[in-house]
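Comments concern the structure below.
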């Protein structure tokens, strides 16, 4: 009985240690390994937030989205790609996963792309300066490049 | 007489032209300001950064604004990121945080002369829907076509109603260090 208790204690300690270790080292996974919660075009995503940001937040906030659209601009310095209509003020701003940053050179504005990213929300343009409203995607990876 | 009028016209025209040029450089902005926070305790250091904060600086009035999406903070550890969003910041309920302030000593910054200037910033910081006044020192590095803004200040979690469960209270500092690093481009 005593031996059993000691064994149980050891198992519990090991399990607790393993759990603690996992907690401590549990890296944020690359989105290449994660299935998207929803697939949507950049223009539809922008329209959803512009129409009703509260309900769009409920639907998309914190979700992994696969977004397809046209590349509006590429910002090397911040590793950010903007998707949307070239004429429009609003964009889906995709901040790239560090593992994909080096591929930014192979992209061209005007070409079509599908990007998977974590939707962190909507930044409406409250400045009145015409900066445009943005839907933000984080940790973005490429799904399809043309 | 005609010559006089010509000179007057030229004078008015050039004044208007130069004031137009000057006004074109009044506002600076970025959509990629970096906001970092750091919690230090003997047991554990926690840091996270947000690289897509929007910032606007009006050099004439000295008004300075930042806004960011709370879910945009990235941690090295997934578990921490979940706790941060779900338990502490309730980022589904309060997706944004923002700062609206002014440079108290804006007049001592010469935006036409490149260089590094010490500034004092005062304003209202809103986190989790709670607004508090904060004041901080920082620097503005004026370059020819951009301005770099840097500042570090501390906030107390209790001020914003962020409760830390007793189980992890030794791992999370009561006062968090916030670092701001922004490169603002002239708004044309």
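Every read-out reported here was derived from the displayed coordinates using simple, explicitly stated rules and does not represent laboratory data. On a predicted model such as this, the values are computed, not experimentally measured, just so you know. Reconstructed Cβ throughout: ideal geometry from the backbone, glycine too, with neighbour counts over all protein chains shown.
Taking springs between alpha-carbon atoms closer than 10 angstrom, which of B:141, B:177, B:113 fluctuates most in the Gaussian network model of chain B? Comparing B:141, B:177, B:113 in a Gaussian network model of chain B, the most mobile one is B:113.
Extending 7 Å from Cα along the Cβ direction at residue B:94 and again at residue B:61 yields two label points whose distance is 2.5 nm. Taking a ≥ b ≥ c as the square roots of the eigenvalues of the alpha carbon gyration tensor, chain B is prolate, as a/c is not under 1.5 and a/b beats b/c. With both labels modelled 7 Å from their Cα along Cα-to-Cβ, the residue B:141 to residue A:76 distance reads 1.9 nm. Distance between the 7 Å Cα→Cβ label points at residue A:11 and residue A:105: 5.6 nm.
Over all projection directions, the Cα-based convex hull of the protein assembly as shown averages an area of 23.7 nm². The long axis of helix B:2-23 is offset from the longest Cα principal axis of chain B by roughly 10 degrees. Would segment A:1-83 count as rounded, prolate or oblate if I go by the C-alpha gyration tensor, calling it rounded below 1.5 in a/c and otherwise prolate when a/b exceeds b/c, oblate otherwise? In terms of gyration-tensor shape, prolate.
Per-residue extension of 0.36 nm, minus the Cα-Cα distance of residue B:159 and residue B:120, leaves a gain of 11.9 nm for this segment.
Under the rule a/c < 1.5 gives rounded, and otherwise a/b versus b/c splits prolate from oblate, where does segment A:31-145 land using the Cα gyration tensor? Oblate, because a/c is 1.5 or more while a/b does not exceed b/c. Secondary-structure-derived ellipticity at 222 nm for chain A, considering helices only, amounts to -9500 deg cm²/dmol, per-run term -39500 (n - 2.57) for DSSP H runs with n ≥ 4. Put simply, the Cα atoms of segment A:84-145 extend 35, 24, 16 Å along their principal axes, the longest span coming first. Mind telling me which of B:43, B:69, B:140 comes out most flexible in a GNM of chain B, alpha-carbon contacts under 10 Å? Judging by the Gaussian network model, the answer is B:43.
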